[in-house]
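The values are calculated or read from the model by the stated rules, or taken from the named source; none is laboratory data. The model shown is predicted, which means the values in this text are computed figures rather than measured ones. Cβ placement follows ideal geometry from the backbone for every residue including glycine, while neighbour counts extend to all protein chains displayed. All accessible areas refer to the heavy atoms of the entire protein, side chains included, with ligands and DNA or RNA removed. Shrake-Rupley method; radii C 1.70, N 1.55, O 1.52, S 1.80 Å.
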Amino acid sequence: MEGAITLNSKPVKGNILAIDTGSTSSKFAYYKDGALLCEGKMDHSKEEIAKAPYFADQLPMRHDAALKFLIENHVPCEDVDVIMARGGLFTPVITGIYDVNADMREVLMSGRDGKHVCNLSAVMAEDLAAEVNEAREAKGYKGPFGPCRAYVADPPMADEMLPECRLGGIPEFPRETLFHALNSRAIVRRYLADTGHTVNDITAIVCHMGGGVTISLHRNGRVIDTSHGLGGDGPITPERAGCCPPLKLVDMCFSGKYTEQEIRHKLVGGGGAVAYFGTNDMRVIEEKAKAGVPEYKVFMDAFCLNISKYIAAETADVCGKVDALLFTGGVAYSKYVTGEIIKRIGHLFPDIRIYPGEDELRSLAENGYIVLSGTAKIHTYNKDRLIED
């Protein structure tokens with residue numbers, strides 16, 4: 001996603017700060033009139049994190065990292081027009097842009113729907129926006145777009161699934177969403193621009209392959225089905241087990257051999273390639289597979305087959321009428337992986353494009369410029385009900 005950000009091939013105006021808090025780092029980017037002026041990654045040491053093991057207690061540390069980024073890059077606080085944050089773990093929600101409000105802040109900080117430091121991005125954004133506005137007021141500066149505001153875009157638990165896709169095998173286990181919504185939606189926008197579409201009127205499957213792998217079905221701007229990036233309803237990944245046989249999992253849970261945390265780690269973080277080979281680096285595994293090492297070759301075959309099955313399964317949602325298959329994520333750089341998947345299920349799609357890597361900070365900035373353009377539909381989050389169009 002190189003080059004300046006534009007909207008419908010037209011230049012954009014305004015200054016965007018993008019924030020993405022991860023497990024051991026905080027990432028920031030600052031855009032001026034669509035051009036990336038500076039980008040940074042602040043790593044947090046094990047010692048720092050150990051002092052605040054509960055994610056919410058890391059807020060001051062993460063906030064200081066954001067201020068340090070602005071200071072080191074000589075960005076005047078009052079110049080920021082919009083702050084875009086990575087969406088955290090909160091429901092109920094659909095895809096789109098949301099202003100950060102009290103309901104969102106409460107759910108994120110309490111960890112009601114999931115405890116992860118990604119929840120801090122939106123809270124930091126709101127706090128920083130308040131500081132921007134205070135600095136502006138002190139200098140008598142209103143800014144070209146009015147007060148600085150904080151937003152999130154395409155949060156990972158966005159749920160637009162068809163009712164029949166949401167139903168699980170027993171009422172206690174409905175299918176839920178947790179996918180790479182931000183990057184997947186950005187890839188669809190990129191595909192639309194590349195193919196000359198002025199409106200989002202296509203049906204596409206996006207296969208995001210990184211440490212987690214998610215496959216999402218996009219129809220006319222809505223994500224009507226998706227695998228789950230953490231909860232097991234998905235393929236084998238470099239570090240996650242994917243879908244597991246339930247009865248064997250029950251046996252493991254009650255065997256007395258493992259703690260709850262150990263089993264969770266087997267499923268997420270210690271599963272997939274990590275469980276077999278002790279590494280989540282697919283480049284290492286691919287090289288050994290190409291060299292003919294049998295166990296690595298079998299794993300790569302299984303990895304590609306798993307993903308192929310999930311992609312093919314989602315075509316059933318729309319009776320096979322899919323316009324394009326889009327690959328993205330770090331593993332999409334591998335011609336071996338994309339080639340093997342295309343060999344298995346490429347015949348199902350009239351168009352296949354590969355957009356390797358991911359740039360969530362740029363995706364956030366793109367959404368920020370949509371906000372500044374005045375064309376965005378801004379959703380207001382309500383912690384107790386699903387937002388309807």
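Do the conditions hold for residue 270, that is, is it surrounded by fewer than 18 Cβ atoms within 10 Å (Cβ to Cβ) and at pLDDT below 95? Here the answer is yes, as residue 270 does meet what is asked. The single condition among (1) aliphatic (A, V, I, L, M); (2) over 17 Å from residue 152 (Cβ atoms); (3) buried (at least 20 other Cβ atoms within 10 Å of the Cβ) that residue 312 does not satisfy is (3). In summary, strands (runs of 3 or more DSSP E) completely within region 141-231 and bearing 2 or more residues that are surrounded by fewer than 24 Cβ atoms within 10 Å (Cβ to Cβ) occur at 203-209, 222-226.
Quick check: is even one residue across region 243-254 surrounded by fewer than 23 Cβ atoms within 10 Å (Cβ to Cβ) and touching a residue at least 40 places away in the same chain (Cβ under 8 Å)? No: region 243-254 contains no residue that is surrounded by fewer than 23 Cβ atoms within 10 Å (Cβ to Cβ) and touching a residue at least 40 places away in the same chain (Cβ under 8 Å).
Residue-level analysis places residue 93 among those that are open to solvent by less than 40 Å² (accessible area, probe 1.4 Å), of a type in the set (A, V, I, L, M, F, W, C), out of contact with any Lys or Arg (no Cβ under 9 Å at 6 or more places or on another chain) and over 24 Å from residue 5 (Cβ atoms). Of all residues in region 351-368, those that are in contact with a Leu (Cβ under 6 Å, 6 or more places away or on another chain) and modelled with pLDDT of 95 or more total 3.
Only residues that are of a type outside the set (Gly, Ala, Ser), more than 14 Å from the chain's Cα centre (by Cα) and not in a helix (DSSP H, G or I) were counted in region 106-128, giving 3.
Is it fair to say residue 136 is over 26 Å from residue 210 (Cβ atoms), part of a helix (DSSP H, G or I) and open to solvent by 50 Å² or more (accessible area, probe 1.4 Å)? Against the criterion (over 26 Å from residue 210 (Cβ atoms), part of a helix (DSSP H, G or I) and open to solvent by 50 Å² or more (accessible area, probe 1.4 Å)), residue 136 does not qualify.
Only one of the numbered conditions (1) under 16 Å from the mean Cα position of the chain (by Cα); (2) within 21 Å of residue 354 (Cβ to Cβ) is violated by residue 231, and that is (2).
The number of residues in region 1-58 being over 26 Å from residue 106 (Cβ atoms), of a type in the set (D, E, K, R) and in contact with a strand residue (DSSP E or B) (Cβ under 6 Å, 6 or more places away or on another chain) comes to 4. Filtering region 365-372 for residues that are touching a strand residue (DSSP E or B) at 6+ places or on another chain (Cβ under 6 Å), more than 25 Å from residue 84 (Cα to Cα) and open to solvent by 10 Å² or more (accessible area, probe 1.4 Å) leaves an empty set. Restricting 327, 299, 303 to residues that are buried (at least 20 other Cβ atoms within 10 Å of the Cβ), more than 30 Å from residue 84 (Cα to Cα) and in contact (Cβ under 8 Å) with a residue 60 or more places away in the chain narrows the list to 303. Does at least one position in region 358-373 carry a residue that is without any contact (Cβ under 8 Å) to a residue 12 or more places away in the chain, farther than 30 Å from residue 143 by Cβ and not hydroxyl-bearing (Ser, Thr, Tyr)? Checked against the condition, which is being without any contact (Cβ under 8 Å) to a residue 12 or more places away in the chain, farther than 30 Å from residue 143 by Cβ and not hydroxyl-bearing (Ser, Thr, Tyr), region 358-373 yields no hits at all.
Kindly evaluate residue 56 against the criterion of being within 22 Å of residue 87 (Cβ to Cβ) and surrounded by fewer than 16 Cβ atoms within 10 Å (Cβ to Cβ). Yes; evaluated as a whole, the condition is true for this residue.
Exactly one residue out of 22, 40, 34, 3 is under 30 Å from residue 191 (Cα atoms), loosely packed, with under 12 Cβ neighbours inside 10 Å and of a type outside the set (Asp, Glu), and it is 3.
Restricting 78, 72, 106 to residues that are open to solvent by 10 Å² or more (accessible area, probe 1.4 Å), in contact (Cβ under 8 Å) with a residue 12 or more places away in the chain, acidic (Asp, Glu) and in contact with a helix residue (DSSP H, G or I) (Cβ under 7 Å, 6 or more places away or on another chain) narrows the list to 78.
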